[in-house]
Structures are given as structure tokens and as C-alpha cells.
Amino acid sequence: MPFSFSSRLAALPPYLFAELDRVRDEVRARGVDIIDLGVGDPDRPTPRPVVEALAQAAENPANHQYPLYSGMNAFKDTVAQWYKTRHQVDLDPAREICSLIGSKEGIAHFPLAFVNPGDVVLTPEPGYPVYHSGALFCGGVSHFMPLLEKNGFLPDFESIEPGLLKKAKIIWVNYPNNPTGATAAREFYGKLIAWAARHEIIVASDAAYSEMTFGDEPHPSILELPGAKDVAIEFHSLSKTYNMTGWRLGWAAGGETFIRGLGQVKNNVDSGVFQAIQMAGMAALTGDQAPVRAMGRLYKERREALTPGLEAAGLSVFPSSATFYVWVRLPAGVRSADFASRLLHEAGIVATPGNGFGPSGEGYARFALVQEVERLREAAARLAKMKF
Ligand SMILES: *Cc1c(COP(=O)(O)O)cnc(C)c1O
């Protein structure tokens, strides 16, 4: 074969869910009733009014042409208004907001705008794998920051050695956090901004779960803090908030330079988001938000349905008030992969081994609350019969 994959592809870690999916399908084929709590993809459908807004917008030929690459003005105005009401943040929609084809797209492309080969990207682990892929694709080097339970799964950025900081261009943070469910306080963002300004590092904050909280208050946005726009960009998504993972719609907001750099990359790679989808997104953001709050309460109820089974099996559940993930510490000496394998074979339950998100996830597992309460009670009953 004269063709081989580039070194950047060869350097990618294996796709986390591929092997897990294969074994799950094998067990299912044997007739086992599988309760899949693996992938973080909301199980409930997109709210009706959003689907209707898309259907209507799809009829309009004006939406059939290339969209404005940085996003429809009306969509960006809606996002600016959303920040004002939800976070009391003022943003200039023309310069400080850009629409994304899902936030993953923006997260993967952003380093291309600011990272030169050999530059360092500070990446949390356990964490969303795209921060590392994005760094790899532009020749950057990830420096992994362990997220430890004793620190509430917040990175200890103050302890990063000065030699690395000189080469660091971006620090990624993600709260509410996937996979741990950890949240961050305003004070954390305040310290992070001051530190980043001192070392001239861009803070890239992934806020995909900011609305997936159990109460009515949103998780704080880094943009609420003074000085944020000088160093920070925030990535947002409609995927988790409105059960719209398949639609591919998100946005980036923050300092003008960061938005302009990202926009320039995107201008050369894609041609923006289908306008009908942006209009559906506007319907989601401006419509009745009661269903969003109801989903938050539902995830809390689901968490409470699963937790007793996890505890009965001897697992330690990290308490959380956000996301649809339950992050559990396994008893000492139990390895993540062995746990996930036993869980699947003996209880028909799929969970994600924590080490799949990074070495500090070893000894942990993640359960995604993407099944109805009844099924989670069934999962809890099966778990309660196991001992690890
Ligand atoms: C789901 C998720 C996203 C959002 O992805 P989209 O591309 O917007 O669907 C971003 N970051 C994290 C950590 C996620 O778990």
C-alpha cells in the first residue's frame, strides 16, 4: 500500500467508544437485555416548537443559499440577548459571537487560529478528547492537567511549571464537567482570568452543560467576570440543553480577537450553519424555557434512581448538581476496564471506563443518565446484587 495515514492521525488515541460498542453488541446478540449508560447523548426528543420552526424555515428558499459564514445576524442577536438575560453579560453580536456547526467543530478548529507547531495546549484529563485532537491537528503539544477528586476535579493551574507556561497558548476548562459532573464557582474563573492574563494564555471555556443544572440558576459563565474578554472565549452548544445533538448547532462568544481568529479558520473550512437550523436554534433560545428546567429536574431524579444501586455495589458516587453524568470511584484496586467488562457481562449494563478519558480517570467509571427512571431503577437493582 503506497498510502499511509499522516503522523497526526497515527498519533490520535483510539476512539473511546469503538471497543465498548463492539463488546456491547456481542453481548446483546446473545439475548442479554442491555441498559446502555455509555454515550452522553440525550434520549428525549427535541422540543416540538423547535422542530416546527425548522420545518417552516426549510420552506423558505432564502434559506437554501450559502449562509453568512460567521452566523446569521438574527441568530447572533438572539445569543447576545440570551447572555444578557441568563448571565447579565453584554456582547457585541457582530464581533464577539460566531455560530458553530456544533461546539465540537469550534473546539477542534480553535487551536488552528492561535497555536503554532510545538506550542503547548493545557488540557484537562480526564476530559473531552477533542481538546487533545485539536492540539494534535495543528502540531501543538498537549500538556495534560490532572483533575483530582481532592481538588473537586478543578485543574491546579497555579502549579504548572514556568517553562511550560512560556510555550502555552491555550488552557481548556469545562464546567459543568464531562465526565465528572464537577462544577466551578465564579472565584475559580476569576483566579483563572488573572493567571491567564499574567502568562498571556487564552482561556477556552467549554460550557456545553451550563444549562444542564438541577436548579433554576445557570452555571456561571466565565464571561461574567471582569476582564474575561481580554483572555477568554466560551464555547456553547444547543446539543445538551435542548436535546439537539443531531442538529449540529452551537456558538462561540468572547474576546473579539479570538472570535475573529476562529472565524478566519472557519471561513476557509466550512461555509456556516444551514440558516433554517439557526432559525430553529433561535426558537429554542427564545421559547419557553420551562422544558429545559424540567429536564434538569428529570436528570436529578434519574441520578437519585441509580445512586442507591451504585452505593450498594460498593461504589463511591461523586456528588453533583449538574450534567447527566454520574462519576463513581471504584473500590481500591479495581481497574476501570475490568469494572466495565464485569458490569456488562454480569449485569448487562454499559458504563464508560474512567481511564478512557485520561489516566487520572483510572479507578473511576462514568454512567450517562440517558434512560428513563424505570430502567435506571432496574439498573440499580442489578447493581445492588454485585460486589466489587
Ligand atoms: C457534548 C459535548 C459538547 C457538545 O458537542 P456538540 O458538538 O455541540 O454537540 C462539547 N463539549 C463537551 C465536553 C461535551 O460533552
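The values are calculated or read from the model by the stated rules, or taken from the named source; none is laboratory data. Here the structure is a predicted model, which means the values were calculated and not measured. Cβ placement follows ideal geometry from the backbone for every residue including glycine, while neighbour counts extend to all protein chains displayed. We work out accessible area using only protein heavy atoms, side chains counted, and drop any ligands, DNA or RNA first. Shrake-Rupley method; radii C 1.70, N 1.55, O 1.52, S 1.80 Å.
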How large are Rg and Dmax for the chain when calculated on the C-alpha trace, in angstrom? 20.9, 61
Take ASP21 and ARG186, extend 7 Å from each Cα along the Cα→Cβ direction, and tell me the distance between the two endpoints in nm. 4.3 nm
Could you tell me which residue out of GLN275, ALA290, GLN264 lies farthest along the dipole of the stretch 250-301 toward its positive end? Charges go on the beta carbon: Lys and Arg +1, Asp and Glu -1, centred on the Cα centre. ALA290
Exposed trypsin sites (Lys or Arg not before Pro) absent - longest run of the chain, DSSP non-H/G/I/E/B, at most 13 other C-beta within 10 Å: 31-384
Name the long-range amide H neighbours of TYR175: under 5 Å, sequence gap of 5 or more, or other chain; modelled H, no Pro or chain starts. ASP206
When the dipole is taken about the Cα centre of the chain, and only Lys, Arg (+1) and Asp, Glu (-1) are charged at their Cβ, what size is it in debye, to the nearest 20? 420 debye
How many nm is it between the label spots at LEU164 and ASP43, if each spot is 7 Å from the Cα in line with the beta carbon? 3.9 nm
The answer for the per residue Cα convex hull volume of the stretch 65-286, in Å³, is 110 Å³
Give, in nm to one decimal, the length gained when the segment between GLU304 and VAL334 is fully stretched (0.36 nm per residue of separation minus the Cα-Cα distance). 8.4 nm
Can you grab the distance from the C-alpha centre of the stretch 352-380 to the C-alpha centre of the stretch 235-257, Å, no decimals? 24 Å
The extension gain from ALA11 to LYS387, computed as 0.36 nm times the residue separation minus the Cα-Cα distance, is 131.6 nm
Nearest 0.05, what FRET efficiency do LYS84 and ASP230 give at R0 = 22 Å with Cβ-Cβ as r? 0.65
Taking all protein chains as present, what is the carbon and sulfur share of the accessible area of the chain, in % to the nearest whole number, probe 1.4 Å? 55 percent
Measure up LYS166/LYS229; LYS240/LYS266; LYS166/LYS191; LYS150/LYS387; LYS104/LYS169; LYS104/LYS387 against 29 Å on the Cα-Cα distance and list the ones that go over. LYS104/LYS387
Can you give the longest stretch of the chain with no exposed loop site, where a site means GluC sites (Glu not before Pro) in a DSSP loop (not H, G, I, E or B) with at most 13 other C-beta atoms within 10 Å? 201-388
What is the magnitude of the charge dipole of the stretch 65-286 about its Cα centre, with +1 placed on the Cβ of each Lys and Arg, -1 on the Cβ of each Asp and Glu, and no other charges, expressed in debye to the nearest 20? 340 debye
DSSP-defined antiparallel bridges as percent of all bridges, the chain, nearest 5: 50 percent
Ranked by GNM mean-square fluctuation in the chain (Cα springs under 10 Å), the top entry among THR286, THR245, THR307 is THR286
